[in-house]
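Taking it in order: structure first as structure tokens, then the write-up.
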Amino acid sequence: MEKIRVREMEFVDNQGRIRLFHGVNIVCKDKSLGYVYKLSKNEISQLRDLGFNVVRLGIIWDGLEPEPGVYNEEYLGRLEEIVNLCAEHEIYVILDMHQDLYSVRYSDGAPEWATITDSLPEPSEVAIWSDAYMSPAVMRAFDHFWANDPAPDGIGLQDHFAKCWQIIARRFKNRPEILGYDLLNEPSPGSLSAHVLSTILKTLTQLKIIDEAPKSIEELTKLWSIEDRIEILKKLDDEKTYRKAILAAEPHLKKFDKETLTRFYERIAKAIRTETPHGIIFLEGNYFSNAGIPSHIDPIRGEKLQAYSPHIYDLVVDTPYIITHFSERRVKVIAQSHHETQKRLKMPVIIGEWGAFGRRKGIKKVCEYLLDTFDELKWSWIYWAWEREFTKTEAARLIARPYPEAVAGELISFSYKNGTFTMKWIADSKTPTIVRLPKEYKWSEITIKPKTNYEIEEETKRLMIKTAHSGKHILVIKH
């Protein structure tokens, strides 16, 4: 497999072709399974048949370092089995240090020994699982992590975390199928989260979206039902109003991004680079950037291989209203925010998470709106998330669609509308351009202007286009 590098806002391969990635998250949060799914060759083959060429593979800190300074090589070996299967099927892998609610004590992530809460109140019963990010215990655990406070062995929490990444990089450093390293999933700013949410709620009262803000975070999480929030979100189904509501909290997060999160990324990248110069460093914005609050992280100084990997979810994610009350307007604000950050950072983008549709049906309109948004911005993406019999879901059928996998030249645009794929590019005649077709995709007509020869690989359904001349070309594939 070709090593992938970065050229300004594009991923490129050894031949200088622009590369795009479509794929799925495989993240096992189940401690009873050892935080690793046992995957068959057939299950990975099914992903290739969907046209996927990347997997974001979750690593859980608790699985890797169950005791301070004790590293579970058997765990890495089981993860490596998945990497091996992906490599056999020409699927790249991003290694993702995953967490939700910081710790295995509350969900997944840090081991128990690395969870320091100063005996503050634990998460109570909440309407949506992510509300628990606002519990005093979870916020304090993040505070200690960001401060690099000592673990029970006297070594800083971040120092332990950096050592874990060094161990990971050492294990996988000679694997060309490792696209890179996602340093920390959805990093929460700890106690600062309470100020962020409080500011947003005060702004909602000023905008007359709500009559009175809850007096405390505890009151918010205990008393506000999902239905209460849905009524508020109906009033935020407006770009201007939604933008005003979230931007009010931006000043709180700017300092955290620049002084805490960026420095953390530099520390972890340095640990990885002591082992290998290869692999892209994937940077996420803080947890609240998922909602569209602009990220203010800075590029890692001196790092040539780095990319931006934000997540996109509407605020109705993880509720029964994920389809019925989905807001294209809110998602447009979120996507615009990520795009502005991309331009500021001058990095390529891969959307690390989106979707979360599970086994729901009736998702076509919502799913296609998101996919069309990504295509318009020429973004790569990784769907959340794989599960057993994933290929039988409506989501899998919808996200399996044609896309330019490798473009020799300049990619102008591509789209997939009503079963017709269209791509415009300024061709470079030196190397072939590849369009990836899902195995089950049936076409009635393939047209290239100017007329150009092509061939289709039987096993992978890659459409190989070798242009005879440079210049603008148009490809149309009709279903």
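Nothing in this text is a laboratory measurement; each read-out follows from the coordinates by a stated rule. This is a predicted model, so every value here is computed, not measured. Cβ coordinates were reconstructed from backbone atoms using ideal geometry, including for glycine residues, and neighbour counts include every protein chain displayed.
Protection proxy ranking for 454-463, 130-139, using the average of other Cβ atoms within 10 Å per residue and placing the highest first: 130-139, 454-463. Of the peptides 425-438, 389-402, 198-211, the ranking by mean beta-carbon count within 10 Å, highest at the top, reads 425-438, 389-402, 198-211.
Overall shape: oblate for region 410-479, with the ratio a/c of the largest to smallest alpha carbon gyration tensor axis at 1.5 or above and b/c at least equal to a/b. Charge tally for Arg462 (other residues, Cβ to Cβ under 10 Å; Lys, Arg +1; Asp, Glu -1): -4. The shape of region 80-185 comes out oblate: with a ≥ b ≥ c from the C-alpha gyration tensor, a/c is at least 1.5 while a/b does not beat b/c.
What the Cβ-Cβ distance of His469 and Gln206 gives, at R0 = 56 Å and to the nearest 0.05, is a FRET efficiency of 0.40. Peptides 314-325, 348-359, 38-49 ordered by packing proxy, namely the average of other Cβ atoms within 10 Å per residue, highest first: 348-359, 314-325, 38-49. Distance between the 7 Å Cα→Cβ label points at Val476 and Ile426: 2.4 nm. Indicate the gyration tensor shape class of region 344-388 (rounded, prolate or oblate), computed on the Cα atoms with a ≥ b ≥ c the square roots of the eigenvalues: a/c under 1.5 is rounded; otherwise a/b larger than b/c is prolate and the rest oblate. Oblate shape, in that a/c is at least 1.5 and b/c is the bigger or equal ratio. All other residues whose Cβ lies under 10 angstrom from that of Tyr416 are scored, Lys and Arg at +1 and Asp and Glu at -1, for a net of -1. Overall, region 5-400 carries a charge dipole of about 1200 debye about its Cα centre when +1 sits on the Cβ of Lys and Arg and -1 on the Cβ of Asp and Glu, all other atoms neutral. Here Lys163 and Asn84 are evaluated by their C-beta separation; at R0 = 30 Å the FRET efficiency comes out at 0.75. Expressed to the nearest 5 percent, the antiparallel share of DSSP beta bridges inside the chain is 55 percent.
Of the residues Leu39, Ile426, Thr324, the one whose Cα sits farthest toward the positive end of the charge dipole of the chain, with +1 on the Cβ of Lys and Arg and -1 on the Cβ of Asp and Glu, is Ile426. Site pair Lys442 and Arg301 shows an inter-label distance of 6.0 nm when each label is modelled 7 Å from Cα along Cα→Cβ. Under a model in which nothing but the beta-carbon of Lys, Arg (+1) and Asp, Glu (-1) is charged, region 410-479 shows a dipole of about 240 debye around its Cα centre. Pairs with C-alpha atoms separated by more than 28 Å, drawn from the list Lys235/Lys255; Lys378/Lys449; Lys346/Lys392; Lys424/Lys461; Lys3/Lys361; Lys343/Lys466, are Lys235/Lys255; Lys346/Lys392; Lys3/Lys361; Lys343/Lys466.
Fully extending the segment from Asp228 to Lys449 would add 74.2 nm, taking 0.36 nm per residue of separation and subtracting the current Cα-Cα distance. Remark: region 121-245 carries a charge dipole of roughly 540 debye about the Cα centre, counting +1 on each Lys and Arg Cβ and -1 on each Asp and Glu Cβ. Each of Thr393, Pro152, Gln336 was scored by the projection of its Cα onto the charge dipole of the chain, and the greatest displacement toward the positive side belongs to Gln336; charges sit on the C-beta of Lys, Arg, Asp and Glu. Ordering Ile230, Leu253, Tyr242 by Cα displacement along the dipole of region 213-273 toward the positive end leaves Leu253 in first place; charges were set at the Cβ atoms of Lys, Arg (+1) and Asp, Glu (-1). A simple spin-label model places pseudo-atoms 7 Å from Cα toward Cβ; at Lys240 and Lys255 they are separated by 3.2 nm. Straight Cα distances below 19 angstrom link Lys304 to the aspartates and glutamates Glu2, Glu8, Glu10, Asp13, Glu177, Asp182, Glu266, Glu275, Glu284, with same-chain residues fewer than 8 positions distant left out.
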